[in-house]
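Single-structure report; data block below.
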Amino acid sequence: MMKQAMAGLAAGNTSAAVTAFETAVSMAHAPDAELGLVRSYLQAGNYRQALAYSAHTAGAHREEPEGIVLYVWLLHLGGQEAAAKRILHEAQSRLPGNAALERVQRKLDDSAGPSSGTSAVAGAFAPYSLPPLTEAAAALSGSGVLIDGGRRVLAPLAAVAHARKIWVRNGLGHLRKAAIETRFDKYGIALLKLDQSLPLTEGFMAAGKDPFPGSVMYAVAYATVRGAVADWPVMRHGFLGTPEGNGTDWELGITMPAGPHGGPVFDASGALAGISMSTPIGKPTFVPISRIKQLTGDRLGSVAPAEKGPRMAMEQVYEKAMGAAVQVLMAR
């Protein structure tokens, strides 16, 4: 059942993988089968289900560090830093000196955020690339946001300006070829067109108006990875900064993981409020939705009502981000 489940994951058949792992779990209460089920939930975009089941695995196998590491890392990915550190410290008190737990501790203690992707911390528990990216020269160059019903991506121009080939890959591992359609040199942004559309998370919408400084925001980007391996995005929350200069340049106001920027920024109701960028010296900045609308017109997609909806749970925002935030990969 385990071999069948892993084969399903590698082929992109997540429903078959979930069924096979669930069968394996019912046959034996084994950590490896349970962790495989968590990975299957994530590959299917079901972060809330994966988080809940990884909590069960970490609690049911308290002396097995693999389940604890994955649970801590999923909390970290979804912006729940305080909970991640608390659970990790509790585990370290039971398993002092454990190498896997100490490795995660070093990553979480990095004030700039971890500089390597999921697979470097949580073993092999990163998404499969679907299809695999076989270009040896490919490397992560930025993060982007999927728009226009999954047909186009907004990304930092610096991430693709000198690229010979471009790909984008979402948090579910789905990979597509891309090409620059429009350059907005004044703003350092590129509009990419995909050779095949990517599925946008159900209910994805752009905010009806710009947020106010001090608003609660969720910023999403991909941490630096070795080469061009698939990874899950990292989400951080905080309060939006203030416009600077002539009022068109905004501080992001949220500390992001070390790595290239360009990912989506969501408001408290889960609507796309803008994208994160960075200055030449690496200072995080914010491009509001009004400017994106000016640049892309009706290609942005569905727009939420001007009045904000109810606040969305962090886990649900992260699920939305898994489909909307993409790795931008290029080869020179």
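The values are calculated or read from the model by the stated rules, or taken from the named source; none is laboratory data. Model, not experiment: these values are computed from the prediction. Quick reminder, even Gly has a Cβ in these numbers, built from the backbone with ideal geometry, and neighbours come from all protein chains shown. The protein model used for the area step is the full one, side chains on, heavy atoms only, and it has no ligands, DNA or RNA in it. Shrake-Rupley method; radii C 1.70, N 1.55, O 1.52, S 1.80 Å.
Only residues that are touching a Ser or Thr at 6+ places or on another chain (Cβ under 6 Å) and of a type in the set (A, V, I, L, M) were counted in the range 171-189, giving 1. Taken over the range 147-190, the criterion of being hydrophobic (A, V, I, L, M, F, W, C), in a strand (DSSP E or B) and either in contact with a Phe, Trp or Tyr (Cβ under 7 Å, 6 or more places away or on another chain) or free of Cβ contacts under 8 Å to residues at least 60 places away in the same chain (or both) is satisfied by Leu175, Ala178, Ala179, Ile180, Ala190.
For every residue, the table says whether it meets (1) open to solvent by 30 Å² or more (accessible area, probe 1.4 Å); (2) farther than 13 Å from Gly262 by Cβ; (3) in contact with a strand residue (DSSP E or B) (Cβ under 7 Å, 6 or more places away or on another chain).
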{"residue": "Ala137", "(1), (2), (3)": "yes, yes, yes"}
{"residue": "Gly149", "(1), (2), (3)": "yes, yes, no"}
{"residue": "Ala159", "(1), (2), (3)": "no, no, yes"}
{"residue": "Ile180", "(1), (2), (3)": "yes, yes, yes"}
{"residue": "Lys186", "(1), (2), (3)": "yes, yes, no"}
{"residue": "Met205", "(1), (2), (3)": "yes, yes, yes"}
{"residue": "Gly214", "(1), (2), (3)": "yes, yes, yes"}
{"residue": "Met235", "(1), (2), (3)": "no, yes, yes"}
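Among the residues making up the range 37-65, those that are modelled with pLDDT of 90 or more and of a type in the set (Ser, Thr, Tyr) are Ser40, Tyr41, Tyr47, Tyr53, Ser54. Of everything listed in (1) open to solvent by 30 Å² or more (accessible area, probe 1.4 Å); (2) more than 23 Å from Val168 (Cα to Cα); (3) modelled with pLDDT under 85, the single unmet condition for Ala120 is (2).
With respect to the conditions (1) in contact with a Lys or Arg (Cβ under 7 Å, 6 or more places away or on another chain); (2) closer than 25 Å to Gly150 by Cβ, Ile254 falls short on a single one, namely (2).
Val104 passes every criterion in (1) at pLDDT 90 or above; (2) closer than 21 Å to Met256 by Cβ; (3) more than 16 Å from the chain's Cα centre (by Cα) apart from (1).
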